[in-house]
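S.K.: Input: one structure, supplied below.
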Amino acid sequence: MSRKKLLTDEPVNFEQALYAAARDMRGGITALAALMPLNYNTLSHKLNPLKPDHNLKPVEVERIVQLTEDIRIIELLARPVGVAVFKMQPVNTSNKALQSAGRLLNKMSGFVEELAKGADDGIWEKNEVELLERKGHEVISKLLGIMAGAREAYEQGNDADD
C-alpha cells in the first residue's frame, strides 16, 4: 500500500481509519501521543498500517477513539458485522426545522420510488447502491438529529423547572 493510499479521505479499513483519525485531529499524531501519553515514534509505528509487527493494544484504540472523536473508526469497526453507526448531532427542533425534515422525507420517498423502478431488472449497480446508502444515511442522520434536539430542548426546559 502506498503512502498516497494511506492519505485518502475515505479510509477503507480499520487500521486506515485509526491512522486517518490520528493524522486529522488538531495537532496530528504528535498531539495524540502527548495526550495518550505515548512516545511519538511508538505511536506513529503502531498507527502505520505498513508496519504490521507494531500493534495497538485495545486500551490504546479506546483512548484514540475518545481523544479523536472520529466516527470513521467506529464505522469501519462496525461495518463487517453489518452495523451502521450514526453520531447524534442535536439540531433545532423549531416548527420550521421539523417542516424541513418532513420535506426531506417526502423527497426521499420519491427517490426510493424512482430507484425501485430502476431496479426492476433485479440488478443493482455500484452507483445505485452507493447513492441509496448515502441518501439513507442523510435521512437517518436528520431524524436522529431532530430526536437529539428534542431531547436536549426537553432536558433544558425541565432543568428550568427545578
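S.K.: Residues 149, 102: which one is surrounded by 15 or more Cβ atoms within 10 Å (Cβ to Cβ) and over 15 Å from the mean Cα position of the chain (by Cα)?
M.R.: Numbers: 102 fails: surrounded by 15 or more Cβ atoms within 10 Å (Cβ to Cβ).
Answer to the check: 149.
S.K.: If you don't mind, another one. If residue 147 meets every condition in (1) over 16 Å from residue 91 (Cα atoms); (2) in contact (Cβ under 8 Å) with a residue 40 or more places away in the chain apart from one, which number is that one?
M.R.: Just one mismatch for residue 147, condition (1).
S.K.: While we're here: Anything in the range 66-92 that is out of contact with any Asp or Glu (no Cβ under 8 Å at 6 or more places or on another chain) and open to solvent by less than 40 Å² (accessible area, probe 1.4 Å)? List them, or say none.
M.R.: Within the range 66-92, 73, 76, 78 qualify.
S.K.: Conditions first: (1) among the polar types (S, T, N, Q); (2) open to solvent by 100 Å² or more (accessible area, probe 1.4 Å); (3) at pLDDT 85 or above. Residue 95 passes all but one, so which condition is the exception?
M.R.: So residue 95 meets the others, but not (3).
S.K.: Out of everything in the range 30-63 that is among the charged types (D, E, K, R) and open to solvent by 90 Å² or more (accessible area, probe 1.4 Å), what residue ends up being nearest to residue 18 (Cα to Cα)? Step through it out loud before you land on a result.
M.R.: Filtering the range 30-63 for residues among the charged types (D, E, K, R) gives 46, 51, 53, 57, 60, 62-63.
From what is left, the residues that are open to solvent by 90 Å² or more (accessible area, probe 1.4 Å) are 53, 57, 62.
Values: 53: 16, 57: 12, 62: 11 Å.
Out of the qualifying residues, it is 62.
S.K.: Still on this structure: Filter the range 1-56 for residues that are aromatic (Phe, Trp, Tyr) and modelled with pLDDT of 90 or more and give the result.
M.R.: At the first step, the residues of the range 1-56 found to be aromatic (Phe, Trp, Tyr) are 14, 19, 40.
Result: 19, 40.
The values are calculated or read from the model by the stated rules, or taken from the named source; none is laboratory data. What you see is a predicted model; the values in this text were computed from it and never measured. Virtual Cβ from ideal backbone geometry, glycine too; neighbours counted across all protein chains shown. Ligands, DNA and RNA are stripped out before the accessible areas are found, and what is left, the full protein with its side chains, is counted by its heavy atoms. Shrake-Rupley method; radii C 1.70, N 1.55, O 1.52, S 1.80 Å.
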